[in-house]
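Just below is one structure, and these are the notes that go with it.
The values are calculated or read from the model by the stated rules, or taken from the named source; none is laboratory data. Remember, predicted model here, so these are calculated numbers, not experimental data. Quick reminder, even Gly has a Cβ in these numbers, built from the backbone with ideal geometry, and neighbours come from all protein chains shown.
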Amino acid sequence: MAEIIIALDYPRLDAALSLVDRVGDAVSFYKVGPVLYTRTGPTVLRELRTRGKRIFLDLKLHDIPNTVAHSVEAAAELEVDLLTVHASGGSAMMRAAAEAAGENGPRLLGVTLLTSFTPGDVEEVWGKQLLSVRDETLRLVALAAEAGLHGIVTSALEAEAVKRRHGAEFLVVTPGIRPSGELAGDQARTATPADAVRAGADYLVIGRPVTAAADPAEVVRRIRAEMEGVREVAG
């Protein structure tokens, strides 16, 4: 069954840890991104570990292979469970990251196209006409798999195709998750929790629907109920 990861998209440590404590045992996995990590450094990771939580460090590494490899080694020392690198960094960079992670380091996830990207955004960055967001995403997924990464970060819209092409063991982490009835906000490619589970996602990354809620633990319970409903139907 897919797991929930809550995105701690806060600018301050106290706010992030307050959310973690309010959610309590309802969630065991949290994502720390560039804003919070830049402000707090490893402190936030240590605090999460103290609370018995697992960590998805979402730094989207994208640099020369040697620098990325050393960054992966540093993340391993911090006992990070999941770590992101940009698939667009190229095969050499991703292979260096995979070698640095080894068997005991963090599981590495390739970032394909950000879920905020529209086709027009991709065309602007890539400098070419885009025939299909899906095809471009799957091309980057294939590069990540061939380079030895453990999985991919992609929208739920591509999750089923990724699992079909690369197998059940290849992890699929889906951001841009919005419970039924929630607004998409600044995300262009979103999905409901039920959609993501049906597509085969292993982890659902959920931010503002939980972090902005008056009762975040109750929102988590409703999301999990929606996910469980899909499992019941499938069973």
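The residues of segment 61-83 that are touching a Leu at 6+ places or on another chain (Cβ under 9 Å), closer than 21 Å to LEU13 by Cβ and not small (Gly, Ala, Ser), listed by number, are LEU78, GLU79, VAL80, ASP81, LEU82, LEU83. Residue selection: ARG231 satisfies the criterion of being under 22 Å from SER28 (Cα atoms), modelled with pLDDT under 80 and over 16 Å from the mean Cα position of the chain (by Cα). The numbered conditions (1) in contact with a strand residue (DSSP E or B) (Cβ under 7 Å, 6 or more places away or on another chain); (2) outside any loop (DSSP other than H, G, I, E, B) are all true for VAL125 except (1).
So that you can scan it fast, the table gives a plain yes or no per residue for (1) without any contact (Cβ under 8 Å) to a residue 12 or more places away in the chain; (2) under 19 Å from the mean Cα position of the chain (by Cα); (3) part of a helix (DSSP H, G or I); (4) under 20 Å from GLY176 (Cβ atoms):
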site: ILE5; (1), (2), (3), (4): no, yes, no, yes
site: ASP58; (1), (2), (3), (4): no, yes, no, yes
site: ASN66; (1), (2), (3), (4): no, no, yes, no
site: VAL72; (1), (2), (3), (4): no, yes, yes, no
site: LEU114; (1), (2), (3), (4): yes, yes, no, yes
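Of LEU131, LEU82, LEU61, which residue is more than 12 Å from ALA147 (Cα to Cα) and out of contact with any strand residue (DSSP E or B) (no Cβ under 8 Å at 6 or more places or on another chain)? Answer to the check: LEU131.
Scanning for something modelled with pLDDT of 95 or more, within 18 Å of GLU146 (Cα to Cα) and surrounded by 16 or more Cβ atoms within 10 Å (Cβ to Cβ), does segment 66-78 turn up at least one residue? Scanning segment 66-78 turns up at least one residue that is modelled with pLDDT of 95 or more, within 18 Å of GLU146 (Cα to Cα) and surrounded by 16 or more Cβ atoms within 10 Å (Cβ to Cβ). Within segment 164-191, if we keep just the residues that are modelled with pLDDT of 90 or more and touching a helix residue (DSSP H, G or I) at 6+ places or on another chain (Cβ under 8 Å), the residue that is surrounded by the most Cβ atoms within 10 Å (Cβ to Cβ) turns out to be THR174.
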